[in-house]
Amino acid sequence: MKLRPFILAAFAALFAASAQAHGSDIEAHQAYAYSANPASGGVFMVIHNHGDEDDRLIGVRSDAAARVEVHQSVMQDGVMMMSQAETLVIPAGGELLLERGGYHIMFMGITTPWQQGDIVTVTLIFEHAGEITIDVPVDLTGAMGGDDEAHMDMTTMDMSATEDGASN
Ligand SMILES: [Cu+2]
């Protein structure tokens, strides 16, 4: 007789947890992980907010690297620089793009070097939606962001070419 309310409470807690996850307005699409070297890499995706309230990405977490941060890439004097991004808003009914050359989830000190087809598990922490954990496939083919790399290389080459030209 004394046990019953206890069991009911446990079931209620379980039910509440799963209901919350299913009722989330936040959805991640087209996620992929890319690394150009064994030590660091990025995770990219489109985050949709199907709700009618703005949400914010307030943190990221993963066991796949020593440090995981939300970064922003910006072009500064022809050089691609990265800095830790402030809290990112996913507008109501809108989306947030994490892409090469823009916002991305940065993995520094990768635990095991990423191989094509590997899965990187990352937890996104949202102000309203809470924590959402997704399994992201590693795609080293660079199909989506190969352009960015090419632009970066070209920019560097153009810069040195200009400098050479000026000194001649
Ligand atoms: Cu970065």
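Laboratory data are not the source of any read-out in this text; all were calculated from the coordinates shown. Keep in mind that what you see is a predicted model, and the values were worked out from it rather than measured. For neighbour counting, all protein chains shown are included, and Cβ atoms are generated from backbone atoms with ideal geometry for every residue, glycine included.
Data overview
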| read-out | value |
| --- | --- |
| Euclidean distance of C-alpha centroids, the stretch 26-95 and the stretch 120-136, integer Å | 11 Å |
| The stretch 29-138: GluC sites (Glu not before Pro) in DSSP loop, at most 10 other beta carbons within 10 Å | E86 |
| Nonlocal amide H pairs with A65, under 5 Å, H built at 1.01 Å | T111 |
| Global form of the stretch 15-119, assessed from the alpha-carbon gyration tensor, a/c cut-off 1.5 | oblate |
